[in-house]
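Heads up: the structure comes next, in structure tokens.
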Amino acid sequence: MAGRDWRRLDESDVRVRPGKGSRPRSKRRPAHADAVAAMVVAVDRGRWRCAVDGAPDRVVTAMRARELGRTPIVVGDRVQLVGDVSGRPDTLARIVRVAERDSVLRRTADDTDPYERVVVANAEQLLIVTSLADPAPRTGFIDRCLVACYTGGLEPVLCLTKADLAPPDDLLAYYADLKVPAVVTRYDGDVSEVSDLLRDRVSALVGHSGVGKSTLVNRVVPDADLATGEVSAVGKGRHTSVSAVALPLPDGGWVVDTPGVRSFGLAHVTPDEVVAAFPEFAEAAEECPSNCGHLGAPDDPDCVLDEVVASGAARATRLSSLRRLLASRGGAEV
């Protein structure tokens, strides 16, 4: 109002900019009708590597769209992308939608940690890689992985390595009543049975360090080291052994290599969720007292599951296997 007589001004001459809180805000959001489907194959430091249409030769780098907020996105998630999906160097797409998951592999750092970590999404099966010797098999770890499979919607498979050092018979017999599929490998043998098992499926591998998981991956995935190096560019040099990465199989399918874990916490799993994986006991468990851990006497003397076995509706060995899983979930040494 420079050059004007302020004495001649009235309220119509006043201009007030509205604050941010009073500005009208549209609730309309882009429909993203041109979005393309993709699968997340690597995650690191706010960037996601995505295979467009699940094709391993069309991998692009993407960021999460602002409208998704802090929506968690992990390896295996099915997403929708917009923007530059050419995959050329220095290009960046945006993830605008995340599809509902069919399965989830979750764990906690330990049995007291309230924060659960999603390791892999939408995997069809989990290969629990365990060496028969050096290091010796740890049934407690296997049991915990089985619980994670049963409660997360994955099919468990035992993958026993180093059969040239020890026979697999005792360990296979230990899990016979659970009817868990198993494959046995040895250092000097072929891995065709494992390759057949993985073909045309999305599979995750989990195991302790030193059990031969990396050796197995390198044998079923040609140029696995090269592929791992390519996806490590997401983290600008960060070594990919500290995070999950999906690698394409030569005959179709994906294998998700997870880092070696020291512990597999199940703080997020309830006893009823474990029992639900055993159809012969699931209905009877609803008649158990409140907060029943289904472990039987002396911990749960009024557990109804013993009556199921007494009636002949289930085998005692199945109940023993179930309770072993429950004990392992609770942190007991089994």
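Structure values in brief
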read-out: Residue within segment 241-262 that is surrounded by fewer than 21 Cβ atoms within 10 Å (Cβ to Cβ), farther than 25 Å from Ser203 by Cβ and at pLDDT below 95 present; value: no
read-out: Residues that are in contact with a Phe, Trp or Tyr (Cβ under 9 Å, 6 or more places away or on another chain) and open to solvent by less than 20 Å² (accessible area, probe 1.4 Å), drawn from segment 270-283; value: Val274, Val275, Phe278
read-out: Pairs with Cβ under 7 Å, 6+ apart, first in segment 44-57 and open to solvent by less than 20 Å² (accessible area, probe 1.4 Å), second in a loop (DSSP other than H, G, I, E, B) and not aliphatic (A, V, I, L, M); value: Asp44/Arg238; Asp44/Ser243; Ala51/Arg58; Val52/Arg58
read-out: Per-region count, segment 164-190, residues part of a loop (DSSP other than H, G, I, E, B), charged (D, E, K, R) and open to solvent by less than 60 Å² (accessible area, probe 1.4 Å); value: 0
read-out: Residue match in segment 136-151 (condition: surrounded by fewer than 23 Cβ atoms within 10 Å (Cβ to Cβ) and farther than 22 Å from Ser328 by Cα); value: no
read-out: Any chance Asp306 is in a loop (DSSP other than H, G, I, E, B), open to solvent by 60 Å² or more (accessible area, probe 1.4 Å) and not hydroxyl-bearing (Ser, Thr, Tyr); value: no
read-out: Residues located in segment 280-301, provided they are without any contact (Cβ under 8 Å) to a residue 12 or more places away in the chain and farther than 29 Å from Arg117 by Cβ; value: Glu283, Glu286, Ser290, Ala297, Pro298, Pro301
read-out: Residues (crowded, with 16+ Cβ neighbours inside 10 Å, among the small types (Gly, Ala, Ser) and either at pLDDT 95 or above or on the phi > 0 side of the Ramachandran plot (or both)) located in segment 58-73; value: Ala62
read-out: Residues of segment 191-215 satisfying the condition of being within 22 Å of Ser103 (Cβ to Cβ), open to solvent by less than 20 Å² (accessible area, probe 1.4 Å) and outside any helix (DSSP H, G or I); value: Ser203, Ala204, Leu205, Val206, Gly207
read-out: Qualifying residue in segment 133-155 (condition: part of a strand (DSSP E or B) and touching a strand residue (DSSP E or B) at 6+ places or on another chain (Cβ under 9 Å)); value: yes
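Yes or no, residue by residue, for (1) closer than 15 Å to Ala204 by Cα; (2) surrounded by fewer than 17 Cβ atoms within 10 Å (Cβ to Cβ); (3) under 18 Å from the mean Cα position of the chain (by Cα):
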| site | (1), (2), (3) |
| --- | --- |
| Leu81 | no, no, no |
| Ser86 | no, yes, no |
| Val104 | yes, no, yes |
| Asp110 | no, yes, yes |
| Val118 | yes, no, yes |
| Ala123 | yes, no, yes |
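The values are calculated or read from the model by the stated rules, or taken from the named source; none is laboratory data. Everything numeric in this text was worked out from a predicted model, so none of it was measured. Positions of Cβ are backbone-derived with ideal geometry, glycine not excepted, and every protein chain shown enters the neighbour counts. What goes into the accessible areas is simple: the full protein's heavy atoms, side chains included, and nothing from ligands, DNA or RNA. Shrake-Rupley method; radii C 1.70, N 1.55, O 1.52, S 1.80 Å.
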